[in-house]
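K.L.:
Here it is: the structure, laid out below.
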Amino acid sequence: MFGDLMGMMGKLKETQEKVKATKERLNHVIIEEKSSDGLVNITLTANRTLKSIELDDSLLKDKDQLEDYLILTLNKAIEKATQINEAELAAVAKEGMPNIRGMDGLFK
């Protein structure tokens, strides 16, 4: 019984280290999102850290249009980054979970 508990504790520590390493690696996974017409280009990491915003000069003439472009493009970029982030972390968490009946569906 205690051997199982010690093994689970070791596995938990190993999983925590893998999660930390995965989060660090996701700082270097770059997501680029462009508006449909290419007037706005957003770059961020899979940890959702904004790296750059590139705007076409034509957008600088209309504040409302620029704001709309930024909101739409940023939201798409953040959604992509979130999907990658969650998938990577879920894979690490699932790998580190002990085989407990009924828990299989939690990390798919």
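K.L.:
Name the pairs whose Cβ atoms lie under 6 Å apart, with the first residue in the stretch 35-59 and closer than 24 Å to residue 19 by Cα, the second among the aliphatic types (A, V, I, L, M) and surrounded by fewer than 16 Cβ atoms within 10 Å (Cβ to Cβ), and 6 or more positions between them or separate chains?
P.N.:
Once the first residue is closer than 24 Å to residue 19 by Cα and sits in the stretch 35-59, its partners that are among the aliphatic types (A, V, I, L, M) and surrounded by fewer than 16 Cβ atoms within 10 Å (Cβ to Cβ) give 44/50; 46/29.
K.L.:
Count, please, the residues in the stretch 6-64 that happen to be part of a helix (DSSP H, G or I) and not hydrophobic (A, V, I, L, M, F, W, C). Talk me through it step by step, then tell me what you get.
P.N.:
Going residue by residue through the stretch 6-64, those that are part of a helix (DSSP H, G or I) are 6-26, 57-61, 63-64.
Next cut, not hydrophobic (A, V, I, L, M, F, W, C) only: 7, 10-11, 13-18, 20, 22-25, 57-58, 61, 63-64.
Count: 19.
K.L.:
Any chance you could count how many residues in the stretch 47-81 are of a type in the set (Gly, Ala, Ser) and at pLDDT below 95? Before you say what the answer is, go through the steps one by one.
P.N.:
Taking the stretch 47-81 and keeping what is of a type in the set (Gly, Ala, Ser), we get 52, 58, 77, 81.
Retained after the next criterion (residues that are at pLDDT below 95): none.
Adding up the residues that qualify gives 0.
The values are calculated or read from the model by the stated rules, or taken from the named source; none is laboratory data. Predicted model, so just to flag it, every value in this text is computed and none were measured. Note: ideal-geometry Cβ built from the backbone for every residue, glycine included; neighbour counts use all protein chains shown.
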